[in-house]
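Student: Please find one structure pasted underneath; my questions will follow.
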Amino acid sequence: MKDLVLIIKNERRSLLRGLVICFFAVFPFTFLPPILRKGFGLTIIIERFNESILYAAGFALLVVAAAVIHNYNSLVEKKWLFDKPAFKSLDFHGRLDGIGSITRELETLLLGEIDGYFFRLGLPDTESDKPKLEIIPLIDLKNKDAEIKKLKKDHGFRRHYFFGKILLLKKVDLDDPDSIRNLLQNYTTILKELGFEPMKIDSALLEED
């Protein structure tokens, strides 16, 4: 319930925008049934107007409610996974991404530092049969074309929404407190060898829980 309230509180503006957009997208189509039956005419539009408002508003509310429930279920699932020993032992800080967007769902992520490098950990596709762990090193990519190619070729890094590494979650032992830490320490060694500079992160950002 706390997560549900958090979604509504943080997303109230985007939910309102989504409600308005959905309403106006549906509203014109609510006039089609009487127009198809009786033909187009101003009288038909006027007679149908109030009823169409109710139909469009009801449909928009259903869509927004479904979006809230979907985000809620997603956050609950990810929170359950982030409470596993492999994540908890990192002592990373939880964050929400996607706030204010009507095209992206809310995403719970972890942000923290290992050996001087900051990492963003996400859990995309938790609802699929192949959930993934997304590891994003927060590094400076400028003038590093050759090094980026090496990360892609030798270590499986890819550029999706961010540049990083995606692993199947089933290949990670979430009950082992050291499993993800060892992965991240291995990546920091590689990043150092390739000369990647870590991005500067405001310490205040990490303290905001």
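Throughout, read-outs are computed from the coordinates displayed, never taken from laboratory work. In this text, all values refer to a predicted model and were calculated from it rather than measured experimentally. Because the Cβ atoms are built from the backbone with ideal geometry, glycine has one as well, and the counts that use them run over all protein chains shown.
Student: Mind listing the long-range amide H neighbours of ILE139? Cut-off is under 5 Å, sequence gap 5 or more, other chains count too, H placed in the peptide plane at 1.01 Å from N.
Tutor: So ILE139 has HN proximity to MET199.
Student: Among the GluC sites (Glu not before Pro) within region 116-191, which fall in a DSSP loop and have no more than 16 other Cβ atoms within 10 Å of their own Cβ?
Tutor: Working: sites: GLU127, GLU134, GLU147; in loops: GLU127.
Hits after loop and neighbour filter: GLU127.
Student: Over region 52-185, what relative contact order in percent results from Cα pairs under 8 Å that are six or more residues apart?
Tutor: On the way: 165 pairs, mean separation 29.6, N = 134.
Relative contact order of region 52-185: 22 percent.
Student: Using only the C-alpha atoms of region 13-96, find the volume of their convex hull and express it per residue in Å³. Could you put the intermediate results ahead of the total?
Tutor: Numbers: hull volume 7.6 nm³, N = 84.
Once divided by residue count, the hull of region 13-96 is 91 Å³.
Student: Full extension from ALA25 to PHE163: what is 0.36 nm times the residue separation minus their Cα-Cα distance, to one decimal in nm? Don't jump to the answer; show the numbers that get you there.
Tutor: Working: separation 138, 0.36 × 138 = 49.68 nm, distance 3.51 nm.
Taking 0.36 nm per residue and subtracting the Cα distance, the gain is 46.2 nm.
Student: Step through the table entries LYS142/LYS192; LYS84/LYS200; LYS84/LYS165; LYS79/LYS153, compare each Cα-Cα distance with 25 Å, and write down the pairs that go over it. Intermediate values should be presented prior to the final figure.
Tutor: Details: LYS142/LYS192 15 Å; LYS84/LYS200 28 Å; LYS84/LYS165 20 Å; LYS79/LYS153 33 Å.
Check vs 25 Å cut-off fails for LYS84/LYS200; LYS79/LYS153.
Student: Find the centroid of the Cα atoms in region 143-203 and in region 28-42, then give the distance between the two in whole Å.
Tutor: Centre-to-centre (Cα) distance: 57 Å.
Student: Let me ask you something else. Would you grab the residues whose amide H sits under 5 Å from the one on ASP173? Only those 5+ places off in sequence or on another chain, please, with H modelled 1.01 Å from N.
Tutor: none
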